[in-house]
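Colleague: This structure is in structure tokens; I'll ask about it shortly.
Nothing in this text is a laboratory measurement; each read-out follows from the coordinates by a stated rule. Note that the coordinates shown come from a computational prediction; the quantities given were computed from them, not determined experimentally. In this analysis, Cβ positions are derived from the backbone assuming ideal geometry, glycine residues included, and neighbour counts consider all displayed protein chains.
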Amino acid sequence: MTSGKHRVIGKDTPKTDGIDKVTGRAIFGADVYLPGMQVGKVLRSPHAHAVIKSIDTQKAETLPGVKAVVTSADLPALSPGDPGRQGAITDRDFYLTREFLAREKALFHGHAVAAVAAIDESIAEEALGLINVEYEVLPHVLEPEVAMKGDAPLLHETLYTRSQRGTSDEASNLAEHWELNRGDIERGFAEADSIVEDSFSTQVVHHGYVEPDSETAYAHPDGTVEVWANTQSIYSTRSDIAQLLDIPLGDITVNPTELGGAFGGKETLRASGLCVLLSKKALLPVQVRFSRDEVLRGTGPGNAIRSTVKIGARSDGTITAIQARMVFDAGAFPGAPLRSAIRRVFSHYRTPNMKIDAYDVVTNKPHVAAYRAPGATPTAFSVESVVDDLARSLSIDPMEFRLRNVSRPGDPMPDGDLLTSVNFTEVLNRVKLHDCWTTPLEGKNRGRGLALGMWTMPGGTASCHVNLNGDGSVTLVLGTPDLSGTRTSLGLVAAEALGLALSDVKVTIANTDAVAYSDASAGDRITYIASIAVGRACASLIESMKARVASEFDTSPEHIGYRDGRFAASGVPEMSVSWEAMALRSVRGDGALSASGVASEIPDGAAIAPNATAHVVDVEVDPETGKVDLLRYTTFQDAGLAVNPAQVEGQMQGGATQGIGWALSEGYDYDEDGRLQNATLLDYRLPTSMDVPFIDTEIIEIPSEAHPLGIRAVGQAPIVPPAGAIANAIYNAVGARMRQLPMKPETVYLAIRDSEGQQA
């Protein structure tokens, strides 16, 4: 099925919420105001690792204008396995309650230790200064490789290494060791005519979302709680609050606000938990707004990786073995995205022999959050670099080498799941014909780089309602926050299914009381999953209307058809009635009409709707300074059915831009005391329009067989290839292999000098 077969979907459509956002009518987290609302502020640890010996809040509590002061002592004590409001307390719950308020120890610079609520910001700030915390400073560890050693400072006395072999007997900073094995790795390398092995490192990075965390809560005197949250998941926010603060789930309502960017960074409970805790104590509504400094110091970045990748191939270019060691920096609490990253990135290339060791290691940094294709960007940086070097060692063009080895439908992923419909070959063939690849690159110190990426939709649940209005329009009610235009794309799906114009579909995001459970707006799942739920709801609504028409015409519903806005009896054209007429009757005697839709699509031994992407970049490198200029950037992606091509293009360009920042300029810089040194956007170097050329997009539409409309996930994959593509372009420009992100001018300069020394 292609976009040309549809009435409204598949056409460039402006976002329906655009006017609200540019006129200021849209309500973001900081726009919420309640009568009597107090200002919440957070006291954060000045140390990277320290025992909290005592916290004296008396002076702060007695300051006029202060309504509440909270510490971890105000939280229920949680232990894994204990019963909770949401079932047994899990390891995640145990660590999460210590993440948003430090309990036994402060585990990173910026770790929240206490919070206050006061009548205004100045009094709240003064109150923070009156809280006396006695610390016992401990040695800290920032490097995951160092943290794994037996003599490293221990962050958690209760953390034991889990692996396929069981659980370790001694506490460790290594939370998980995950092994993947296929075939005979030693035999695979013995069969290779060329082997390339190299090591790489990356830094943690910030998502770069525009709107800092800003949330509000009101714990009412009757025990019910209302929350206004700029979160990617209103339902997990509700369940986390219930579990961690011992509040019945049904007593909590979470209202979504607009999201000024998230990219995975707003999936975790943060400000709203503090808001509820403060509000319960103050008996007044409380709003907590994080500053940009707090966002960078105290919330989860994308993870860093230390990796070694080894790949072997025969002289004909066939890969015989892939081996990798990946050490993921999880920050202060376990839970780096090693499984999702390894599963997908090592699915790009087919091989009978594979061995991957992945490690989840805690360090004295903020706990990492998901960041757009979690873990895949730094992983692909190492894999795509080694693939290019291996092709060069065999004197095979990097494009041709990839075409010989890319995965195809039916190939297994590292964990054994099957790639049902992946189209790397088709994407690369499009690249081969494009002038970004065929046009000779002329000029000194210029190079062209290629890299691949992929993501698979993780599955999940989405729910919605479709309510028919008396004028024939409908209201589509969703339970998934809108991250990047899902109101528009799902409105298009509803309009297509119902035979309406997009202007006749109003899309709204409801609170947790109004719609059944829906999973987070994350992982590329929303347009894919929610469109199925919307399609089912629309089909149900049409069937209900057919039943009423059939009753009117004294026939059975199966004899009623719907087309071009009219219901008609089969073979009897005069027996027909318009959509608008039936809608009017629904509010004038026949009874209201509404339908619900639920989709729960969970992978079962297969990757759902995998996509494939390839990026091509031309660079110019100044060998005297190491500065890298991007001359041209082109992305290719299999989007399945592009519901809204303009939106797909924006996803491709946005992901590439974030990947460019990760590649060339972004990263957290810590001093020897473990303190973050670049916690402002002046010092944390996000890419600007001066750094990024126009990003050309080539949307390839190969419908997914797993989706009724052929939709694939599109938002995650664009961030995967940029670092690898740029590193390969730099090598082709100046002969220097980049092994570290970000590839800042000084890093590139030193790499050039090193390569010159090796050649001499």
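Colleague: What list of ³J(HN,Hα) couplings, whole Hz, do you get for the range 383-395 from phi and the Karplus terms 6.51, -1.76, 1.60, once you set θ to phi - 60° and write x for glycine and proline?
Modeller: For the range 383-395, the Karplus-derived couplings read 5, 5, 5, 5, 4, 4, 5, 5, 4, 5, 5, 9, 6 Hz, x marking Gly and Pro.
Colleague: Let me ask something additional. Return the whole-Å distance between the Cα centroid of the range 66-125 and the Cα centroid of the range 365-384.
Modeller: Taking the Cα centre of each part, the range 66-125 and the range 365-384 sit 27 Å apart.
Colleague: As a footprinting exposure proxy, order 401, 189, 694, 346 by other Cβ within 10 Å, with the fewest listed first. Walk me through the numbers on the way to the answer.
Modeller: Working: 401 22, 189 19, 694 10, 346 25.
Sorted ascending by nearby Cβ count, the order is 694, 189, 401, 346.
Colleague: Order of 11, 432 from fewest to most other C-beta atoms within 10 Å?
Modeller: Numbers: 11 16, 432 13.
Going from sparsest to densest Cβ surroundings: 432, 11.
Colleague: Could you line up 293, 93 from fewest to most neighbouring Cβ atoms inside 10 Å?
Modeller: Working: 293 15, 93 21.
Lowest to highest Cβ neighbour count: 293, 93.
Colleague: Please list the non-local residues whose amide H lies under 5 Å from the amide H of residue 321, H modeled 1.01 Å from N, same-chain partners needing a gap of 5 or more.
Modeller: Those qualifying (amide H under 5 Å, at least 5 residues apart or on another chain) are 312.
Colleague: With only alpha-carbon atoms in the gyration tensor, what are the semi-axes of the equivalent ellipsoid for the range 482-607, in Å, largest first?
Modeller: Values: eigenvalues 195, 51, 37 Å².
So the equivalent ellipsoid measures 31, 16, 14 Å along its semi-axes.
Colleague: Give me the extension gain from residue 506 to residue 578: residue separation times 0.36 nm, minus the current Cα-Cα distance, reported in nm with one decimal.
Modeller: Values: separation 72, 0.36 × 72 = 25.92 nm, distance 2.03 nm.
Result for the pair: 23.9 nm of gain on full extension.
Colleague: Sticking with the crude label model, points 7 Å out along Cα→Cβ, report the distance from residue 434 to residue 314 in nm, one decimal please.
Modeller: Going by the 7 Å Cα→Cβ label model, 3.1 nm.
Colleague: Specify the inter-centroid distance of the range 643-662 and the range 557-624, based on alpha-carbon positions, in whole Å.
Modeller: When both Cα centres are located, 25 Å separates them.
Colleague: Per-residue HN-Hα couplings for the range 90-106, Karplus 6.51 cos²θ - 1.76 cosθ + 1.60 at θ = phi - 60°, whole Hz, x for Gly and Pro?
Modeller: Listing the rounded values in order: 9, 4, 4, 4, 4, 6, 5, 5, 8, 7, 7, 8, 4, 10, 6, 9, 8 Hz.
Colleague: Give me the three principal axis extents of the chain from the C-alpha atoms, as integers in angstrom, largest value leading.
Modeller: Its Cα atoms span 90, 72, 50 Å along the three principal axes.
Colleague: Still on this model: Between beta-carbons, use under 14 Å as the cut-off and find the net charge around residue 275, counting Lys and Arg +1, Asp and Glu -1.
Modeller: Around residue 275, the charge tally is +2.
Colleague: First select every other residue whose beta carbon is under 11 angstrom from the beta carbon of residue 30; then total the charges, Lys and Arg +1, Asp and Glu -1. Don't skip to the answer; put the middle values down first.
Modeller: Numbers: positive: 289; negative: 31, 211, 213, 215, 258.
Result for the local shell: -4.
Colleague: Still on this structure, please answer the following. The range 472-512 to the range 138-197: how many Å between their Cα centroids?
Modeller: The two parts, judged by their Cα centres, are 46 Å apart.
Colleague: Moving to a separate point now. Where in the range 712-754 does the label zone of residue 669 land, with the point 7 angstrom along Cα→C-beta and an amide N cut-off under 13 Å?
Modeller: 742, 744-747
Colleague: Let me ask something additional. Given a cut-off of under 8 Å on Cα pairs at least six residues apart, what relative contact order in percent is computed for the chain? Don't skip to the end; give the middle numbers.
Modeller: Details: 1948 pairs, mean separation 117.8, N = 760.
Rounded, it is 16 percent for the chain.
Colleague: Taking the Cβ of residue 502 as the centre, find all other residues whose Cβ is under 14 Å away and add up their charges (Lys, Arg: +1; Asp, Glu: -1). Please report the intermediate quantities before stating the final value.
Modeller: On the way: positive: 7, 11, 15, 487, 506; negative: 12, 17, 496, 504.
Summing Lys/Arg as +1 and Asp/Glu as -1 gives +1.
Colleague: Distance check, please: which entries in 21/266; 310/355; 149/266; 53/266 exceed 21 angstrom between their Cα atoms?
Modeller: Details: 21/266 19 Å; 310/355 10 Å; 149/266 32 Å; 53/266 31 Å.
Over 21 Å Cα-Cα: 149/266; 53/266.
Colleague: Might you report the magnitude of the Cβ-based charge dipole of the range 181-313 about its Cα centre, with Lys and Arg at +1 and Asp and Glu at -1, to the nearest 20 debye? Could the numbers behind the result be given before it?
Modeller: Working: 12 positive and 18 negative charges, 67 e Å.
Dipole size: approximately 320 debye.
Colleague: If you don't mind, there's one more thing I want to ask. To check you understand DSSP bridge types, tell me what percent of the beta bridges within the range 610-760 (both residues inside) are antiparallel, rounded to 5.
Modeller: Beta bridges within the range 610-760, antiparallel portion: roughly 65 percent.
Colleague: Between residue 514 and residue 11, what's the calculated FRET efficiency when r is the beta-carbon distance and R0 is 25 Å? Round to 0.05. Show your work: numbers first, answer last.
Modeller: Numbers: r = 30 Å, r/R0 = 1.21.
Between residue 514 and residue 11 the formula returns 0.25.
Colleague: While we're on this one: In deg cm²/dmol, rounded to 500, what helix-only [θ] at 222 nm does the chain give when every DSSP H run of at least 4 residues adds -39500 (n - 2.57) and the total is split over its residues?
Modeller: Working: 20 runs with 217 residues, N = 760.
It comes out at -8500 deg cm²/dmol, rounded to the nearest 500.
Colleague: While we're looking at this one, here's another question. Pull out the extension gain between residue 393 and residue 631, defined as 0.36 nm times the separation in residues minus the alpha carbon to alpha carbon distance; nm, one decimal. Working shown, then result.
Modeller: Working: separation 238, 0.36 × 238 = 85.68 nm, distance 2.69 nm.
Full extension of this stretch gives 83.0 nm more.
Colleague: Which one of 501, 512, 465 has its Cα pushed farthest toward the positive end of the charge dipole of the chain, where Lys and Arg give +1 and Asp and Glu give -1 at the Cβ?
Modeller: Sorting the options by dipole projection puts first 501.
Colleague: With θ set to phi - 60°, apply the Karplus curve 6.51 cos²θ - 1.76 cosθ + 1.60 along the range 61-73 and write out the HN-Hα couplings as whole Hz, x wherever there is a Gly or Pro.
Modeller: The phi angles translate into 5, 8, 5, x, x, 8, 9, 6, 9, 10, 9, 4, 5 Hz.
Colleague: Could you give the dipole magnitude of the chain about its Cα centre, charging the beta-carbon of Lys and Arg +1 and that of Asp and Glu -1, in debye to the nearest 20? Provide the component values of the computation, followed by the final result.
Modeller: Details: 68 positive and 97 negative charges, 159 e Å.
Approximately 760 debye in magnitude.
Colleague: Return the lysines within reach of residue 59: Cα separation strictly under 19 angstrom, same-chain partners fewer than 8 residues apart disregarded; answer none if there are no such residues.
Modeller: 41, 67, 281
Colleague: Just subtract the alpha-carbon distance of residue 558 and residue 190 from 0.36 nm times their residue separation and send over the number in nm, one decimal.
Modeller: Numbers: separation 368, 0.36 × 368 = 132.48 nm, distance 6.54 nm.
Extending this stretch completely gives an extra 125.9 nm.
Colleague: Can you list the residues, at least 5 places off or on another chain, whose amide H is less than 5 Å from the amide H of residue 27, using H built in the peptide plane?
Modeller: Under 5 Å from the amide H of residue 27 lie the amide H atoms of 258, each far enough along the sequence or on another chain.
Colleague: I would also like to ask the following. Among bridges DSSP assigns within the chain, what percent are antiparallel (round to 5)? Before the final figure, lay out each step's value.
Modeller: Values: 104 of 137 bridges.
Beta bridges within the chain, antiparallel portion: roughly 75 percent.
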